[in-house]
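Only one structure is covered here, and it is reproduced in the block below.
All of the numbers you see were taken from the coordinates with simple rules; none came from a lab. These numbers were taken from a predicted model, which means no experiment stands behind them. We place every Cβ from the backbone using ideal geometry, glycine too, and count neighbours over all the protein chains shown.
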Protein chains: 2
Amino acid sequence: MKALQDDMPDNNCYGCGPNNPQGMQIKSYWDGEVSRCTYMPKPEQCAGPPQFVYGGTIASLIDCHCVGTAMAAFHEKEGKRSWCVTGRLIVNYLKPTPIDRPVELQATIEEIGEKKALMRCTMYSDGVATAEGEVIAIKVPDSWRS
Amino acid sequence: MKALQDDMPDNNCYGCGPNNPQGMQIKSYWDGEVSRCTYMPKPEQCAGPPQFVYGGTIASLIDCHCVGTAMAAFHEKEGKRSWCVTGRLIVNYLKPTPIDRPVELQATIEEIGEKKALMRCTMYSDGVATAEGEVIAIKVPDSWRS
């Protein structure tokens, strides 16, 4: 099955770019309702205690998963591909997230307008919500990329 | 000059842990008013276009710089070291941040209570603010680390 990120050419993003060999290369799958991403944290992506996932990695996952889903939603709505950037990112950390197992992110579109989409996302570890976030994704002109 | 992070033993954090050889190892310096951190982004820490810094890296810098400063502030206020975690992280992205030069973060303590500190942070590139953030740092018992 093709991931949303497989449909974004020339993407070097550290979080979601297939072109970035040192990046996280997340993959998101959207059924039109809920967008899902499963990610296995690397041991070095830890917090102060090595058994928990680093908050910055959690923020990165929520950011890229939501923006990738917003891009897919704009694509579907408008019939053409647009690039989006993050305007605002909010993360609430609910519990420590174990590093030794995959996390699953579930994102939904709260609102989508002409230029902005408001996304909500929850991150789960073994079915338990450990973080939740909100992202405002903003469409940018192609000139942003050059 | 000793950085705040040099005073945190056994810190494996991907963002600020001296014990994490693959991490970002940020260094923060606090004069009691403003806490500063200068960081040179790595080429792979890029957004979709390779000339801009990845939003997740910016979130990570704001997160660790603020939490490290909050820990130092609790230490000073209480005369003993406490560990803090991030309760909430908000980042507003103002402009693209060039990747080919250092960024400077400046954080201040907005409020500090018994258990929580509210931090504000602005990130600059060549003196221009490119992102601003807010972090709620929460003191945790030592048992959190074990």
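Tabulated values for the structure
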read-out: Diffusion coefficient, µm² s⁻¹, Stokes-Einstein with Kirkwood Rh over alpha-carbon pairs of the range B:78-146 at 37 °C and 0.692 mPa s; value: 240 µm²/s
read-out: Burial ordering of B:V85, B:V128, B:V91, fewest other beta-carbon atoms within 10 Å first; value: B:V128, B:V85, B:V91
read-out: Net charge contributed by nearby residues that have their C-beta within less than 13 Å of B:R81 (K/R +1, D/E -1); value: -2
read-out: Size of electric dipole in chain B: Cβ of Lys, Arg +1 and of Asp, Glu -1, about Cα centre, debye, nearest 20; value: 220 debye
read-out: Residues of the range A:126-146 with amide N under 18 Å of the 7 Å Cα→Cβ point at A:R88; value: A:132-140
read-out: GluC sites (Glu not before Pro) lying in DSSP loop within the range B:16-105, provided at most 11 other Cβ fall within 10 Å; value: B:E33
read-out: Estimated FRET transfer efficiency (A:D7, B:K116; beta-carbon r; R0 51 Å; 0.05); value: 0.75
read-out: Unit charges on C-beta of K, R, D, E only; dipole of the range B:76-146, Debye; value: 300 debye
read-out: Set of the range A:85-111 residues, backbone N closer than 13 Å to the point 7 Å along the Cα-Cβ line of A:Q51; value: A:96-101
read-out: Expected-Rg normalisation [2.2 N^0.38 Å, Cα atoms] applied to the protein assembly as shown; value: 0.95
read-out: Cβ charges +1 (Lys, Arg) and -1 (Asp, Glu), total dipole of the protein assembly as shown, debye; value: 100 debye
read-out: Rg followed by Dmax, in Å, when the range A:33-133 is reduced to its Cα trace; value: 14.2, 46
read-out: Positive dipole terminus of chain A, leading residue within A:V85, A:T122, A:I62 (C-beta point charges); value: A:V85
read-out: Sorted by Cβ density within 10 Å, fewest first, the residues A:M24, B:M119, A:M1; value: A:M1, A:M24, B:M119
read-out: A:C46, B:C64 arranged by Cβ crowding within 10 Å, fewest neighbours leading; value: A:C46, B:C64
read-out: Proximal charge balance of B:G127 [Cβ under 13 Å; K/R count +1, D/E count -1]; value: 0
read-out: Separation of the A:R101 and B:A129 label points, Cα + 7 Å toward Cβ, nm; value: 4.3 nm
read-out: Average Cα contact separation per residue, chain B, under 8 Å, 6 or more apart, as relative contact order %; value: 22 percent
read-out: Trypsin sites (Lys or Arg not before Pro) within the range A:47-115, DSSP loop, no more than 10 other Cβ atoms inside 10 Å; value: A:K80
read-out: Cβ-defined net charge surrounding B:I109, 13 Å radius [Lys, Arg +1; Asp, Glu -1]; value: -3
